[in-house]
Amino acid sequence: MTVELSVATDSWPIEGGFTISRGSRTHAHVVMVTLSEGPHRGRGECVPYARYGETVEGVMADIERLAPDIARGLDHAGLQQAMPAGAARNAIDCAFWDLAAKRAGTSAAQLAGISDMGPVTTAFTISLGTPEKMAADTAKAKDRPLLKIKLGGEGDDARIAAVRAAAPNARLIVDANEAWSEALFERNMTACHAAGVELIEQPLPSDADGALARLPRPIPVCADESLHTSADLERLAPLYDAVNIKLDKTGGLTEALLLARKAREMRFKVMIGCMLGTSLAMAPGALIAQDADYVDLDAPLLLSKDREPGLVFDGSLMHPPRPELWG
C-alpha cells in the first residue's frame, strides 16, 4: 500500500514572548508532516531554525521533494541516507515512527525497546532580560523544581544572582546560547558557581569552543549548538561534559536514540532538549527523556495554546504521550 506524504505549517503564540541571546520571538513557527497509509496515519513536527540556515519555506520544500520517493517505497531506514540531519528529516522520521506504531498496534516506545514509560520532570525556561525582569519571571516559577535560565554575555553575573535570590530552592541550569567570550568566561562561571548552577549550556560560540580544553570548568559544560549527531562526539569529548540532544538537530528520533546511546558509552551526561514547538514535537523526545540526566521539553508550557490532545503536565511533571498525539 502506498504511503502518501502531506506537509503543512502553523504558527503558535508564545505566552509573553521568548528571548535568548540571538533575539526575541512572539510565535513558534512549526512544520508538520503526515504520512498516510490506508487507515493509518503518522505525524511528526519540526521547527526550522535560522541558526542552522533553515527557513519554514526551505524545510517544507525539502520535505515535499521526498514525497515521490516515499510513495515509491522509501522507508524509515532509507530516509537516513536520503536526507541530511536537520529539521526536515526530523519531521519525516518522527512521522515514520508514529506510522509504524499505528500499523503494529503498539507504541513507538515498544518499537524502540523501551518497555516502561513514566513521567519525567522537565526544566522550565526563564527568558533573557534585565536582572529585574528575570527575577520577577523567576519568582512566578520559584516552586518549580528545575529552572533553565537564558543568559546573554555581559551582565550575566547580575542576572544569575538575581534569579537565585528569587528562587532560593530551585535547581538551576543556564544556557548562554554561545553568548560568552573568553574574557567573560571566568567571571560568569564564578557567578554561576556561587549561585549553585548545576550545568552550563554552550557558553562559547561553536566555532570557538576549542578554548574549553584549557579553561577551568568547575561546573559541567554542555554542548548544544556544537552538537548535531553522533559523528560530533569524538571532537567534543575533550571539551564538554554533557550533550544536549535535540531532534531537530539530529534529524529525528532514529539518530537521537543512537546519539544518546553513544554519548552514554563515552560518559557524557545527557540532556534531551527542544526547539519552541508544540506537544507533537516534544512527544518523541519523551523516549530519550526516560534515561536522560536533564529533561528540557517545556516548550508547550511556554505557548499560549497547544495542540489538542497535547502532552499532560502536572506542574513540571510531564507524562508520556498518548497514542492520539503521537507514538
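Let's see how each residue does on (1) surrounded by fewer than 22 Cβ atoms within 10 Å (Cβ to Cβ); (2) over 19 Å from residue 132 (Cα atoms):
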{"site": "168", "(1), (2)": "yes, no"}
{"site": "174", "(1), (2)": "no, no"}
{"site": "191", "(1), (2)": "yes, no"}
{"site": "204", "(1), (2)": "no, yes"}
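Filtering the range 124-136 down to residues that are part of a helix (DSSP H, G or I) and hydrophobic (A, V, I, L, M, F, W, C), which residue is most open to solvent (accessible area, probe 1.4 Å)?
Here the answer is 136.
Among the listed residues 249, 269, identify the single one that is out of contact with any Gly (no Cβ under 7 Å at 6 or more places or on another chain), of a type in the set (D, E, K, R) and open to solvent by 30 Å² or more (accessible area, probe 1.4 Å).
Values: 249 fails: open to solvent by 30 Å² or more (accessible area, probe 1.4 Å).
Result: 269 is the single residue among 249, 269 that is out of contact with any Gly (no Cβ under 7 Å at 6 or more places or on another chain), of a type in the set (D, E, K, R) and open to solvent by 30 Å² or more (accessible area, probe 1.4 Å).
Listed here are the residues, each with its yes/no results for (1) closer than 26 Å to residue 54 by Cα; (2) surrounded by 14 or more Cβ atoms within 10 Å (Cβ to Cβ); (3) touching a residue at least 24 places away in the same chain (Cβ under 8 Å).
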position: 81; (1), (2), (3): yes, no, no
position: 93; (1), (2), (3): yes, yes, yes
position: 98; (1), (2), (3): yes, yes, yes
position: 102; (1), (2), (3): no, yes, yes
position: 119; (1), (2), (3): no, yes, yes
position: 122; (1), (2), (3): no, yes, yes
position: 138; (1), (2), (3): no, yes, yes
position: 147; (1), (2), (3): no, yes, yes
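Against the definition (basic (Lys, Arg), closer than 18 Å to residue 325 by Cβ and open to solvent by 30 Å² or more (accessible area, probe 1.4 Å)), how does residue 51 come out, yes or no?
no
Among the listed residues 236, 258, which satisfies the condition of being of a type in the set (A, V, I, L, M) and crowded, with 18+ Cβ neighbours inside 10 Å?
On the way: 258 fails: crowded, with 18+ Cβ neighbours inside 10 Å.
Of 236, 258, the one residue that is of a type in the set (A, V, I, L, M) and crowded, with 18+ Cβ neighbours inside 10 Å is 236.
For residues that are in contact with a strand residue (DSSP E or B) (Cβ under 9 Å, 6 or more places away or on another chain) and in a helix (DSSP H, G or I), scanning just the range 96-123, find the one that is nearest to residue 245 (Cα to Cα).
Taking the candidates together, the pick is 97.
Taking the range 1-43 as the region of interest, how many residues are hydroxyl-bearing (Ser, Thr, Tyr), buried (at least 17 other Cβ atoms within 10 Å of the Cβ) and touching a helix residue (DSSP H, G or I) at 6+ places or on another chain (Cβ under 9 Å)?
Total meeting the criteria: 2.
Give the residue, chosen from 45, 54, that is acidic (Asp, Glu) and more than 20 Å from residue 99 (Cα to Cα).
Selected residue: 54, the only one of 45, 54 that is acidic (Asp, Glu) and more than 20 Å from residue 99 (Cα to Cα).
Considering only the range 17-73, state which residues are over 20 Å from the mean Cα position of the chain (by Cα), of a type in the set (D, E, K, R) and assigned to a loop (DSSP other than H, G, I, E, B).
Listed by number, the list holds a single entry, 72.
Evaluate the following for residue 93: is it touching a His at 6+ places or on another chain (Cβ under 8 Å) and not in a loop (DSSP other than H, G, I, E, B)? Lay out the reasoning, then the answer.
Details: touching a His at 6+ places or on another chain (Cβ under 8 Å): yes; not in a loop (DSSP other than H, G, I, E, B): yes.
Considered against the rule, which asks whether it is touching a His at 6+ places or on another chain (Cβ under 8 Å) and not in a loop (DSSP other than H, G, I, E, B), residue 93 comes out as yes.
Check residue 323 against each of (1) part of a helix (DSSP H, G or I); (2) over 23 Å from residue 172 (Cβ atoms); (3) open to solvent by 20 Å² or more (accessible area, probe 1.4 Å) and name the one condition it does not meet.
The single condition residue 323 does not satisfy is (1).
The values are calculated or read from the model by the stated rules, or taken from the named source; none is laboratory data. Computed from a prediction, not measured in an experiment: that's the story for all the values here. Note that each Cβ is placed from the backbone with ideal geometry, even for glycine, and that neighbours are counted across all protein chains shown. Heavy atoms of the whole protein, side chains included, go into the accessibility calculation; ligands, DNA and RNA do not. Shrake-Rupley method; radii C 1.70, N 1.55, O 1.52, S 1.80 Å.
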